[in-house]
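Read-outs: derived from the displayed coordinates by stated rules, not from any lab. These figures come from a predicted structure and were not determined experimentally. Ideal geometry is used to build each Cβ from the backbone, glycine not excepted, and the neighbour counts take in all protein chains shown.
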């Protein structure tokens with residue numbers, strides 16, 4: 001019988017094999033044949049085993065601790081060394097009887113007995129043959145009458161059985177290779193087993209199976225069936241082992257990765273501390289301390305804690321880490337529920353507004369009313385005000401004055417050309433470079449949740465494939481919704497209801513209707529010459545003196561010179577261009593001071609002409625109308641009111657009419673309506689109907705590079721055509737505005753205040769307009785219309801009677 005070093009333990013399995021082991025004999029074919037021919041005794045002492053099963057040919061060590069077992073081993077060792085070995089049905093029973101043991105067992109030979117220091121006995125047994133118990137006696141230990149259990153073996157050379165044996169060897173080899181606890185020497189032991197039956201028994205004994213499963217294998221009389229069952233169990237064990245190794249490999253990799261990251265983090269922390277920086281742990285602790293001082297509600301606090309925990313788990317080198325840190329820093333920097341205290345001294349507020357702005361009585365009145373209501377209720381949602389008017393009239397600066405009067409922070413953002421919705425609502429955190437919208441950013445800069453917020457140039461919002469910013473503003477500017485304004489980056493509702501929004505625009509019609517509906521519109525018209533003089537004296541001139549490093553002792557300017565600058569060099573409704581001209585005058589003086597040249601400390605008319613050049617805007621004055629067909633009209637533009645001259649000319653032809661001057665569709669239609677009205681009523685107007693098919697008419701409006709459109713020039717066009725056809729002149733210093741119909745009715749138009757101011761700047765004395773516009777005139781400050789005469793009409797016949805210097809036309813029948 002050959003032997004090889006293999007460790008075998010009680011309850012042995014293939015995973016328990018070791019290179020340092022006792023010598024264990026492996027059966028050869030001759031050994032197996034010799035064992036098969038051995039005769040079994042009729043009676044044997046029975047050694048019950050708790051947790052293992054002995055198979056024929058297999059060698060295992062058994063440790064005996066029970067008194068009966070030790071006595072049995074000693075007696076057998078002193079005689080023929082043959083015992084019967086069976087497994088207990090229940091391993092918990094300390095003193096098993098005949099009913100507590102299995103009936104199928106294995107005859108074993110004692111190879112060696114070792115006495116342990118603790119008093120137990122270790123015996124090395126080798127299985128011989130299987131037996132079945134017939135009767136049992138229990139004293140002094142278990143003894144039984146037995147009979148041999150024959151084993152049915154396949155015929156020698158059977159291919160199927162040989163294939164099963166080959167598979168057993170292959171699987172055993174794979175299990176040994178997969179298991180880190182089994183030495184590679186065990187592979188040689190498997191390969192050196194010659195006996196097929198012993199291979200099946202050896203593998204069955206060493207598999208990691210329960211006692212019940214091993215006992216079932218031992219009880220199988222057909223060796224082929226036992227081999228198939230063993231093969232099935234080995235497949236299961238290999239799968240479990242591969243899965244276990246795979247899991248351990250992943251866990252080991254994760255642990256190694258975590259240890260590597262931990263090591264690198266510790267190095268980074270040390271480097272940051274050496275460089276004077278802050279480590280990640282310190283940064284998170286600092287954020288946590290800052291959060292304790294914030295006035296958050298429970299929902300916001302939970303959200304912050306959740307996001308902070310997420311950052312704590314993130315790798316600092318990950319791209320998302322920077323975004324997460326920016327997000328938490330924004331959370332901490334936003335003034336949640338932090339409000340500045342309002343100053344409700346309304347008299348002081350009125351003084352601040354009067355100091356900074358001349359005129360603008362309606363606007364200042366509305367602001368004082370708002371402060372009064374806020375003082376009484378102290379919880380009013382701030383209204384959304386929209387100041388609309390031409391450039392340079394002080395719309396933006398009103399917001400700064402209101403902020404000072406109210407004692408609030410001042411914030412301004414320009415919306416001109418904004419075309420990305422994310423500028424308002426912010427970007428989602430999933431994008432690299434994500435950031436909050438302009439609204440949240442501005443509130444963070446303000447440091448309070450109730451600033452005065454100026455939305456400049458709201459009429460110049462654009463849109464693109466990035467969304468519609470004006471639609472995004474609907475939530476911002478709706479007092480019923482903005483208490484929970486949702487920013488995509490913030491991912492939380494933020495209360496905007498305490499903010500006082502002031503929007504500014506030049507053209508109200510360019511604002512989206514839904515957005516315009518959410519705002520309270522306050523119209524701001526242009527300034528009169530008198531107002532511009534006061535604004536220049538009290539605001540613009542002192543401001544520019546300081547900006548250019550001069551004092552009032554070094555330069556002064558009188559009202560007459562300011563009027564000269566206003567009338568000769570500016571034609572705007574506001575004062576921005578006027579400020580530029582004043583700055584030009586001051587720069588001339590500053591150069592003289594710096595170069596130590598002589599100059600007039602008090603600016604004269606000659607100085608104005610010398611510095612600014614010859615006056616350029618005489619055409620703003622009303623013309624003498626010495627030629628028939630020239631009428632002064634009034635127009636509204638996005639920069640305020642203006643006058644325009646409508647010229648008509650008649651020439652021989654075929655009765656056609658042409659129009660020039662870059663006219664829009666509506667204005668061309670007004671000219672067509674005027675001509676058709678004249679053709680239909682030529683007799684009543686004193687016009688010979690015979691000349692109309694023989695002469696061509698040409699209407700021109702100067703400044704052809706400037707587009708012109710709108711219905712308000714209708715009555716001026718008709719008057720111009722009647723004048724040229726009758727060759728009667730128009731009254732001097734007269735202007736008109738109004739829309740006409742085919743029936744000769746005069747309809748009201750808009751922009752009345754701006755048009756009247758433009759007429760006054762042009763030295764117009766009389767104005768013709770629709771009677772329905774009289775209410776608009778009554779709303780204007782009396783000082784603005786001083787020296788003007790208004791003619792309110794309902795039909796074109798009234799216009800012609802007032803405008804044309806011809807008795808025949810004046811006495812024409814009412815049409």
For this session: For region 381-439 and region 135-171, compute the distance between their C-alpha centroids and round to whole Å.
Result: 93
Exercise. Among 591, 581, what is the fewest-to-most ranking by other Cβ atoms within 10 Å?
Worked result: 591, 581
For this session: Calculate the length of the line joining the C-alpha centroid of region 33-106 to that of region 747-771, in whole Å.
Result: 127
Seminar exercise, completed: Per the rule of 0.36 nm per residue minus the C-alpha distance, extending residue 148 to residue 290 adds in nm 42.6 nm
Problem set entry | FRET E, pair residue 651, residue 546, Förster distance 41 Å, beta-carbon r, rounded to 0.05 | 0.10
Problem set entry | FRET efficiency estimate (nearest 0.05) - Cβ-Cβ, residue 492 to residue 351, R0 41 angstrom | 0.50
For this session: Scan (1) 54.1, 163; (2) 27.8, 97; (3) 55.0, 174 for the value of Rg and Dmax of the Cα atoms in Å calculated from this model and give just the label.
Result: (1)
For this session: Would you please state which residues of region 215-234 a label at residue 194 would reach in this model, taking the label point 7 Å out along Cα→Cβ and a backbone N cut-off of under 18 Å?
Result: none
Problem set entry | Distance from region 675-729 to region 491-569 (C-alpha centre basis), Å | 40
Problem set entry | Relative contact order %, the chain, counting alpha carbon pairs below 8 Å whose residues are six or more apart | 7
Exercise. How would you classify region 431-577 from its alpha-carbon gyration tensor, with a ≥ b ≥ c the square roots of the eigenvalues: rounded for a/c under 1.5, else prolate if a/b is greater than b/c, otherwise oblate?
Worked result: prolate
Problem set entry | Distance (nanometres) between label positions extended 7 Å along Cα→Cβ at residue 741 and residue 428 | 5.5
Exercise. Quick one: if the Förster radius is 45 Å, what FRET efficiency do residue 282 and residue 410 give, using the C-beta to C-beta distance and rounding to 0.05?
Worked result: 0.80
Exercise. log₁₀ I(q)/I(0) of region 658-815 at q = 0.09, 0.15 Å⁻¹, via Debye over equal Cα point scatterers, no solvent, to two decimals?
Worked result: -0.29, -0.81
Exercise. By how many nm would the segment from residue 538 to residue 369 lengthen if fully extended, with 0.36 nm per residue of separation less the alpha-carbon distance?
Worked result: 58.2 nm
Exercise. Once fully extended, how much extra length lies between residue 611 and residue 309, figured as 0.36 nm per residue of separation less the alpha-carbon to alpha-carbon distance?
Worked result: 101.9 nm
Seminar exercise, completed: Here the residues of region 218-249 lying in the modelled label zone of residue 174, meaning backbone nitrogen under 18 Å from a point 7 Å along Cα-to-Cβ, are 227-247
Problem set entry | Label-point separation, residue 75 to residue 448 (7 Å along Cα→Cβ), nm | 10.5
Problem set entry | Ascending count of other beta-carbon atoms within 10 Å, so fewest first, for 593, 630 | 593, 630
